[in-house]
1. Please order A:S272, B:S32 by the number of other Cβ within 10 Å, starting at the fewest.
2. Sequence gap at least 6, Cα distance under 8 Å: using those rules, report the relative contact order of the range A:84-230 to the nearest whole percent.
3. Kindly put A:E209, A:E275, A:E238, B:E52 in sequence by how many other C-beta atoms sit within 10 Å of each C-beta, fewest to most.
4. Taking a 21 Å limit on the Cα-Cα distance, which of the listed pairs A:K68/B:K35; A:K27/A:K49; A:K27/A:K151; A:K151/B:K35; A:K49/A:K151 fall beyond it?
5. Which whole-number percent gives the relative contact order of chain A, counting Cα pairs below 8 Å spaced six or more residues apart?
6. Suppose R0 equals 22 Å. What FRET efficiency, 1/(1 + (r/R0)^6) with r the Cβ-Cβ distance, do A:R143 and A:E108 give to the nearest 0.05?
7. Taking square-rooted eigenvalues a ≥ b ≥ c of the alpha carbon gyration tensor, is the range A:6-280 rounded, prolate or oblate, where a/c under 1.5 means rounded and, failing that, a/b exceeding b/c means prolate?
8. Grab the DSSP H runs of chain B that are 4 residues or longer, score each as -39,500 (n - 2.57), total them, divide by all residues and round the 222 nm result to the nearest 500 deg cm²/dmol.
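No lab work stands behind these numbers, since they all come straight from the coordinates. Bear in mind the structure is a predicted one, so any value in this text is a computation, not a measurement. Positions of Cβ are generated from backbone atoms using ideal geometry, with glycine treated the same way; all protein chains shown enter the neighbour counts.
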Amino acid sequence: MAYQGYADYFEAPVIISVAPTGGMHGKEANPNLPEQPEEIAEDVRNCEKAGASIVHVHARDEDGEPTKDPAKFQELRDIIEERCDDILVNFTTGGGNDREGRIRPVIETRPTPDLATVDLGPLNTRGDVVAMNTRVQNEEYVRRMNEHDVKPELEVFGPGHLTEVHHLADEGMLEEPFWTTLILGMQTGTIPRPRNLINLVDNLPEGAEWQCMAIGRHQLPLTTMAMTLGGHVRVGMEDNVYYRRGELVESNAQLVERAADIAERLERPIASTDETREILNL
Amino acid sequence: MTCPRLEYRAENDEHEFDHLRPYCTVTDEFVSPMKADICNDRFDFDHEDHCEVFQAAVEAAAADDD
């Protein structure tokens, strides 16, 4: 749903997603960042208790490096389900240009994840290497997720990627609400300024529901701003390893607790998992 | 080809890990998983073209030879 002003601000529950691990940095950046299934599940359990209703999952191998091995994702799926009450599971499809390898965990694990990401467009990385994320790939991922009853989470790294949200919606490939992540501060994506978040929100299609994800020190102010705009938030060590300047995050639950505390101070209710299912039509 | 300056170690002066992790012997630091993709020439990366640390090390070695 497009921004409706203070009605959203006061009444709509805020969904808190947590991204505990990611694929970009690891224990070399913060030794508290969970990489292996056991420690991820323990942290996610505490995040759920603190108010998170979605966990965004990346898998690592024994060296702490990212892996797309479906067996590793299955292990994570199983242990999160075992340790947590009811948190919704969201798998990444991000990383590299192996189109088939990136989506295999989504369609091969059982049960399939509740949600999975679709990176909507190109991002420059190093030199002449680009994460492609073509329109054909986007359409294929969305189609295959739909076939497996997985809701696509549309990752808007830059303003131009909003065009792809409109395209997928116009083609009738998405069910409402179009669950969209507005990302600020990632590589060559949107520059993390408050005005840019407002601009992204203003350009969402009717029928979108959105969350804000911001990198590093931008996580706190921009996710707080998102709550005041009626949006939802994603926090976690995938995006930010510092609690404040010079102070490393102790756990992902610490970041979820802060987001929940801010929501409560703003008098926005925190979405339970059932409410998140209802909001996202899962 | 993997970067010749990449090693897998479990510890240095600052860190101690349960498992071997990617370690840059030029900077004497553990590297991030994202950087390790470059060290290992994964996903179309090539450490000779895309790693400024490796390039600087090669240039320094060449200067020493002059």
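1. Fewest-to-most Cβ neighbours within 10 Å comes out as A:S272, B:S32.
2. For the range A:84-230, the relative contact order is 18 percent.
3. B:E52, A:E275, A:E209, A:E238
4. A:K27/A:K49; A:K27/A:K151; A:K151/B:K35; A:K49/A:K151
5. In percent, rounded to a whole number, it is 26.
6. Values: r = 16 Å, r/R0 = 0.74.
Efficiency, from the Cβ-Cβ distance: 0.85.
7. rounded
8. Estimated from H runs of four or more residues: -10500 deg cm²/dmol.
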